[in-house]
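For reference, the structure discussed in these notes is given below.
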Amino acid sequence: MAQSIYITSAEGHSGKSTIALGVLDALSRATPKVGVFRAIARSTEERDYVLEMLLDHDGVDLGYDECWGATYEDVRADPDAALGRIVERYKAVEAQCDAVVVLGSDYTDVGSPAELGFNARIAANIGAPVLLVLNGRASREEQLGTAGALTPDEVGHKTALAATEIDTERAALLAVVANRADPDHLDETIHAVRGALAHVPELDRAAEDVHVWAIPEDRFLVSPSAREVMRALDATFVAGDEELLAREVLGVTIAGMSMVNVLPRLGDGYLVVVPADRTEVLLAALLAHSSGTFPSLTGIVLNGPFELPDAITRLMDGLDSNLPIIATDLGTYETAVRIVGTRGRLAAESQRRFDTALALFDTHIDTAVLVESIGVAASSVVTPLMFEYQLIERARSAAKRIVLPEGSDDRVLRAAATVLARRIAEITILGNETEIRSRATELGLDLDAATITSPFDPELVSQFAEVYAKLRAHKGITLEQAADTVTDVSYFGTLMVHLGLADGMVSGAAHTTAHTIRPAFEIIKTKPGVSVVSSVFLMALADRVLVYGDCAVIPDPTSEQLADIAISSAGTASQFAIDPRVAMLSYSTGESGSGADVEKVRAATALVRERAPKLLVEGPIQYDAAADAAVAQAKMPDSEVAGRATVFIFPDLNTGNNTYKAVQRSAGAVAIGPVLQGLNKPINDLSRGALVDDIINTIAITAIQAQGETHA
């Protein structure tokens with residue numbers, strides 16, 4: 001039977017979906033099969049966006065239609081029948097999972113019975129303990145757009161009322177989260193909640209056994225995006241960069257006055273509402289946004305049934321502004337009311353909200369305690385998602401600084417924002433600081449914690465040129481030539497790593513592999529005793545992680561190089577908590593075959609045993625004998641590696657590259673890499689088609705490698 005948790009609240013707008021996302025994320029790190037269930041869906045006419053958002057999580061593999069219990073209409077018509085349906089449908093999900101996150105109702109439509117009581121009744125009937133989410137803001141004020149923080153005592157009062165109602169329905173209260181709490185009084189809020197629980201004698205467990213946490217308010221989680229405002233206004237897109245509609249609206253200026261009076265009222269992230277016939281104000285807002293001397297806007301709303309004159313449209317085209325402009329026929333009052341009434345949703349289109357939500361949850365909730373309290377046991381299976389989480393956790397503990405040379409690439413900026421938000425590593429980005437920060441603002445990214453360094457910084461260029469000229473003096477490189485070379489971002493970033501200004505570098509999203517790693521060969525150089533730089537892919541299969549090398553760098557390695565690759569790959573495996581058992585692959589196993597290719601592998605295996613006598617290695621060996629226990633029993637019954645190999649060394653690049661791609665595509669494995677190995681300090685190359693997640697994983701890998709270098 002799956003272990004479950006029922007997440008409910010005592011009122012609306014508590015940020016319950018944010019907490020559900022955090023719990024789901026924490027459970028996905030601990031066990032491979034996590035499910036989601038929405039006890040009461042909004043309706044059958046329209047898909048529940050919260051349920052869709054949770055189902056989109058990488059750790060969930062369930063269909064929408066099986067993951068909800070009943071609708072508000074069902075509950076209102078016949079609560080008992082609805083409860084029976086909810087329990088039945090929940091049990092079907094539970095049977096497929098190791099753990100299930102159950103999300104309660106949203107306080108939008110149920111009239112009777114009392115909503116919290118009905119949620120508690122559901123929790124009791126499915127046997128799931130309750131995580132109660134309290135809203136730390138004043139709901140009535142929030143509806144008017146002027147939400148204020150509740151005092152700790154007020155949150156405590158809510159706790160006592162809600163805990164009593166939960167106990168009345170015989171549900172078990174596991175934890176309380178005061179969400180959107182006053183950031184200046186988190187400890188006082190936790191103390192007040194604990195005190196309130198101590199005065200609820202009916203609780204089925206001691207008050208001190210109920211976990212209590214508080215998460216502060218964050219403006220980006222509750223602010224709607226420009227796209228959400230556009231939907232609320234039923235508006236049309238007029239001009240600008242449509243991708244920038246994902247940026248949050250942090251304030252609104254109604255520009256019904258002259259531009260002289262509008263300009264002082266602009267703010268960062270503001271949406272400016274301009275009557276469509278006030279074209280002079282429209283142009284002033286566009287110029288202010290692009291000037292660099294006024295705040296950066298989120299967008300402009302043109303309201304009223306007026307067409308823009310052709311002359312104004314041509315003038316706007318000439319300004320070449322990417323600021324989103326949308327248009328609605330609504331009047332100013334109705335436009336303002338709808339904008340103020342638009343709530344930010346934790347939707348997949350806002351990576352910043354995802355990052356912020358998970359970062360807040362990880363910072364303020366003890367996830368290990370929560371998972372243990374739910375009763376989810378640690379799994380011996382390691383799924384791709386679980387492995388990626390392990391990478392992030394280890395990188396976070398390493399606390400390394402990674403330099404990203406490609407500051408002009410949006411993917412790199414998005415990855416950097418996520419890495420910073422989730423505290424995976426410290427980040428230095430190379431490029432023009434004004435341009436990078438301006439672009440990040442347009443994309444709605446928070447790069448405040450990033451260090452942005454110009455590769456033309458005169459002081460650093462002078463320092464780097466001296467170092468590079470000395471390193472390459474045997475090649476006749478002059479100081480003047482060196483000064484020109486080091487302004488190249490790959491050389492500049494590599495020299496930062498060489499001199500300890502960064503712990504590692506990740507590049508290649510916009511540059512070739514040669515451009516990325518050539519400076520490393522010249523400056524970082526290989527480790528003592530290692531003759532070549534090679535690579536591995538971390539192949540995350542459905543239930544385990546394997547290491548494949550070399551699949552990206554050396555076309556036709558010699559026996560000596562193959563031995564180096566094997567030893568380096570075993571070291572990389574150990575860095576990522578993979579017990580190395582090395583298979584030196586060939587088309588024959590043991591003594592069964594001969595030929596130049598087999599002899600190369602046989603000689604390489606002997607060299608590995610000589611150089612690393614404690615390393616478990618077998619070769620030559622065929623892939624099936626290395627990976628399959630049944631085949632290994634027939635071909636190499638006495639081998640400690642056969643059938644249990646974790647590190648697979650291919651005899652050449654042709655074989656390795658095609659094999660990793662075949663496994664990736666045919667077996668659905670996640671290929672993480674290439675991870676470069678053999679260098680004195682970590683430099684890693686990206687594919688030019690790298691996705692944001694690929695960049696994040698590579699940054700985490702580089703940070704872990706850097707930690708290994710520190711400990712070496």
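The values are calculated or read from the model by the stated rules, or taken from the named source; none is laboratory data. Being a predicted model, the structure only gives us computed values, none of them experimental. Methodologically, a virtual Cβ is constructed for each residue, glycine included, from the backbone with ideal geometry; neighbour enumeration extends over all protein chains shown. Side chains are part of the model used for accessible areas, which takes the heavy atoms of the whole protein and leaves out ligands, DNA and RNA. Shrake-Rupley method; radii C 1.70, N 1.55, O 1.52, S 1.80 Å.
Is there any pair linking a residue in region 404-422 that is touching a residue at least 60 places away in the same chain (Cβ under 8 Å) and under 18 Å from Pro455 (Cα atoms) to one that is part of a helix (DSSP H, G or I) and open to solvent by 20 Å² or more (accessible area, probe 1.4 Å), with Cβ under 6 Å and at least six apart or on different chains, and which?
Every condition considered, the pairs that remain are Pro405/Val489.
If I go through region 318-340 residue by residue, how many of them are in contact (Cβ under 8 Å) with a residue 40 or more places away in the chain and not in a loop (DSSP other than H, G, I, E, B)?
Counting residues in region 318-340 that are in contact (Cβ under 8 Å) with a residue 40 or more places away in the chain and not in a loop (DSSP other than H, G, I, E, B) gives 10.
Yes or no: region 660-672 includes at least one residue that is out of contact with any strand residue (DSSP E or B) (no Cβ under 9 Å at 6 or more places or on another chain) and closer than 22 Å to Ser534 by Cα.
Yes, some residue in region 660-672 is out of contact with any strand residue (DSSP E or B) (no Cβ under 9 Å at 6 or more places or on another chain) and closer than 22 Å to Ser534 by Cα.
Return the residues of region 241-290 that are free of Cβ contacts under 8 Å to residues at least 60 places away in the same chain, in contact with a strand residue (DSSP E or B) (Cβ under 7 Å, 6 or more places away or on another chain) and either assigned to a strand (DSSP E or B) or basic (Lys, Arg) (or both); say none if nothing qualifies.
Result: Gly251, Thr253, Arg265, Tyr270, Val272, Val274, Pro275.
State whether the residues of region 58-75 include one that is open to solvent by 10 Å² or more (accessible area, probe 1.4 Å), touching a strand residue (DSSP E or B) at 6+ places or on another chain (Cβ under 8 Å), on the phi > 0 side of the Ramachandran plot and small (Gly, Ala, Ser).
No.
Going by the structure shown, is Leu447 open to solvent by 20 Å² or more (accessible area, probe 1.4 Å), within 29 Å of Arg353 (Cβ to Cβ) and under 37 Å from the mean Cα position of the chain (by Cα)?
On the way: open to solvent by 20 Å² or more (accessible area, probe 1.4 Å): no; within 29 Å of Arg353 (Cβ to Cβ): yes; under 37 Å from the mean Cα position of the chain (by Cα): yes.
Taking the combined requirement at face value, the residue does not satisfy it.
State all residues of region 542-576 that are part of a strand (DSSP E or B) and either without any contact (Cβ under 8 Å) to a residue 24 or more places away in the chain or aliphatic (A, V, I, L, M) (or both); if no residue qualifies, say none.
Selection gives Val545, Leu546, Val547.
Looking only at region 127-137, count every residue that is over 21 Å from Val212 (Cβ atoms) and buried (at least 23 other Cβ atoms within 10 Å of the Cβ) and tell me the total.
Step one: filter region 127-137 for residues over 21 Å from Val212 (Cβ atoms), giving 127.
Add one more test, that the residue is buried (at least 23 other Cβ atoms within 10 Å of the Cβ), and what stays is none.
Result for region 127-137: 0.
Kindly provide the set of residues from region 161-186 that are within 27 Å of Leu358 (Cα to Cα) and open to solvent by 60 Å² or more (accessible area, probe 1.4 Å), ordered by number.
Pro183, Asp184, His185, listed by residue number.
Which one is modelled with the highest pLDDT, of the residues in region 362-378 that are more than 21 Å from Ala128 (Cα to Cα) and surrounded by 14 or more Cβ atoms within 10 Å (Cβ to Cβ)?
Within region 362-378, the match that is modelled with the highest pLDDT is His364.
Considering only region 156-177, state which residues are part of a helix (DSSP H, G or I) and either farther than 19 Å from Ile374 by Cβ or touching an Asp or Glu at 6+ places or on another chain (Cβ under 9 Å) (or both).
The answer is Gly156, His157, Lys158, Thr159, Ala160, Leu161, Ala162, Ala163, Thr164, Glu165, Asp167, Thr168.
Here is a check on your reading of the model: is Ile300 under 23 Å from Gly269 (Cβ atoms), part of a helix (DSSP H, G or I) and either open to solvent by less than 30 Å² (accessible area, probe 1.4 Å) or modelled with pLDDT under 90 (or both)?
no
Within region 491-513, restricting attention to residues that are at pLDDT 95 or above and assigned to a helix (DSSP H, G or I), which residue is most open to solvent (accessible area, probe 1.4 Å)?
For region 491-513, the residue satisfying everything is His498.
Being touching a helix residue (DSSP H, G or I) at 6+ places or on another chain (Cβ under 8 Å) and of a type in the set (Ser, Thr, Tyr) is the filter here; which residues of region 400-446 pass it?
Answer for region 400-446, where residues must be touching a helix residue (DSSP H, G or I) at 6+ places or on another chain (Cβ under 8 Å) and of a type in the set (Ser, Thr, Tyr): Ser408, Thr418, Thr428.
Can you find a residue that is within 25 Å of the chain's Cα centre (by Cα) and at pLDDT below 90 anywhere in region 202-218?
In the first step, residues of region 202-218 are kept if they are within 25 Å of the chain's Cα centre (by Cα); the result is 213-218.
Among the residues that remain, those that are also at pLDDT below 90 are: 217-218.
Yes, that holds for at least one residue.
So Ala465 passes all but one of these: (1) within 26 Å of Val412 (Cβ to Cβ); (2) in a loop (DSSP other than H, G, I, E, B); (3) over 32 Å from the mean Cα position of the chain (by Cα); (4) hydrophobic (A, V, I, L, M, F, W, C). Which condition number does it fail?
Unmet condition: (2).
Under the condition of being free of Cβ contacts under 8 Å to residues at least 24 places away in the same chain and more than 15 Å from Glu154 (Cα to Cα), which residue from region 187-203 is surrounded by the fewest Cβ atoms within 10 Å (Cβ to Cβ)?
By that ranking, first place goes to Pro201.
Residue by residue through region 386-408, note down the ones that are farther than 30 Å from His515 by Cα, within 16 Å of the chain's Cα centre (by Cα) and open to solvent by 30 Å² or more (accessible area, probe 1.4 Å).
Gln390, Glu393
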